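These notes concern the structure reproduced below.
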Ligand code: NAD
């Protein structure tokens with residue numbers, strides 16, 4: 001169904017972004033993937049995506065903390081594939097620390113990668129979408145775009161920013177066939193979650209099991225992690241014609257977390 005369309009998915013070398021890239025490629029989209037990781041692993045992901053879509057899959061290793069690299073990636077995507085019809089802003093990092101000890105460079109990196117990068121990709125991709133009268137911008141926000149947790153000041157600030165930015169651009173693009181939405185997952189089992197377990201253990205003096213059950217899943221009434229494929233299926237739905245009137249929405253997929 002997405003034959004002839006190009007999707008740029010940031011942070012798609014693992015986790016949620018990879019699942020979204022797979023879902024879009026499976027429907028026939030050409031994809032440009034992005035993110036860090038082992039070059040051989042990334043190359044095998046790229047080949048797998050081409051095999052499943054029958055279209056092209058390209059990789060760009062742009063650091064999303066770098067505005068010039070973002071611009072280069074989008075130029076490359078436009079030359080090698082086409083300008084993105086679907087933009088998925090998914091790259092993100094996390095750091096856990098009480099605010100008074102929060103390293104300034106971590107604050108700045110989180111704001112740059114999780115929020116400012118979304119501004120850059122959006123401003124650079126929107127004109128071509130408008131010109132075609134069709135586009136989909138899907139931002140991976142978080143339950144932390146709606147509620148807070150202690151020790152995540154930069155992440156919560158950035159994700160609230162993504163939610164506000166999403167609404168603003170949705171209004172600006174509303175007449176142009178371009179929808180702009182964010183998906184707000186609760187805890188999804190990916191390396192991003194796995195990696196914050198040691199820091200949370202340290203910050204709160206807990207064991208690994210206590211962090212998983214009493215901290216992470218404590219907030220999630222379903223008591224299970226969201227899966228990357230669940231998030232990908234919502235992203236795929238947002239690209240469909242049936243979702244043409246969903247814009248400016250912040251769609252929760254959090255096992256009931258923000259209902260509590
Ligand atoms: P992940 O660590 O598996 O994936 C993050 C991706 O971003 C990777 O591909 C990584 O290489 C890439 N990335 C990181 N820094 C980058 C940079 N500077 N430039 C380019 N790429 C970079 O984690 P994930 O859980 O799949 O996270 C994806 C998104 O989902 C993030 O925005 C995260 O905040 C959000 N999210 C995750 C959860 C969760 O529980 N895992 C919950 C809500 C929201």
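Every read-out reported here was derived from the displayed coordinates using simple, explicitly stated rules and does not represent laboratory data. Model, not experiment: these values are computed from the prediction. For neighbour counting, all protein chains shown are included, and Cβ atoms are generated from backbone atoms with ideal geometry for every residue, glycine included.
Some points to look at:
- Förster radius 22 Å - calculated FRET efficiency between residue 149 and residue 237 (Cβ-Cβ, nearest 0.05): 0.20
- For a label point 7 Å along the Cα-to-beta-carbon line of residue 218, residues of segment 180-204 with backbone N under 16 Å: 187, 197-204
- A full extension of the chain between residue 106 and residue 244 corresponds to an added length of 46.0 nm, given 0.36 nm per residue minus the alpha carbon distance.
- Relative to the longest principal axis of the Cα atoms of the chain, helix 15-26 runs at roughly 20 degrees.
- Alpha carbon Rg of segment 133-239, scaled by the compact-globule rule 2.2 N^0.38 Å: 1.24
- Mean-square fluctuations from a GNM of the chain, with a 10 angstrom spring cutoff on Cα atoms, peak among 47, 64, 87 at 47.
- Zone residues, segment 217-260, relative to residue 132, backbone N less than 20 Å from point 7 Å out along Cα-to-Cβ: 235-248
- Considering helices alone, the calculated mean residue ellipticity of the chain at 222 nm is -13500 deg cm²/dmol, with DSSP H runs of length four and up weighted by -39500 (n - 2.57) and normalised per residue.
- Selected from 245, 30, 14 as most flexible by GNM, with the chain as the system and alpha-carbon contacts under 10 Å: 245
- Inter-label distance, nm, simple model (7 Å from Cα along the C-beta direction), residue 172/residue 195: 3.0
- Beta bridges by DSSP in the chain, antiparallel share as percent, to the nearest 5: 0
- Each listed q (0.19 Å⁻¹) maps to a log10 I(q)/I(0) for segment 202-260 from the Debye sum over equal C-alpha point scatterers, namely -0.80.
- Peptides 179-189, 151-161, 217-227 ordered by average Cβ neighbours within 10 Å, highest first: 179-189, 151-161, 217-227
- Fluctuation leader among 142, 12, 240 - the chain, Gaussian network, Cα springs under 10 angstrom: 240
- Between the C-alpha center of segment 178-194 and that of segment 232-260 there is a gap of 11 Å.
- Isotropic mean projected area of the C-alpha convex hull, the chain (nm²): 13.2
- Modelled this way, with points 7 Å down the Cα-to-C-beta line, the labels at residue 56 and residue 80 are 0.8 nm from one another.
- For segment 137-260, the antiparallel share of DSSP beta bridges with both residues in that region comes to about 0%.
- One way to sum up the overall shape of segment 3-75 is the equivalent ellipsoid from its Cα gyration tensor, whose semi-axes run 19, 14, 10 Å, largest first.
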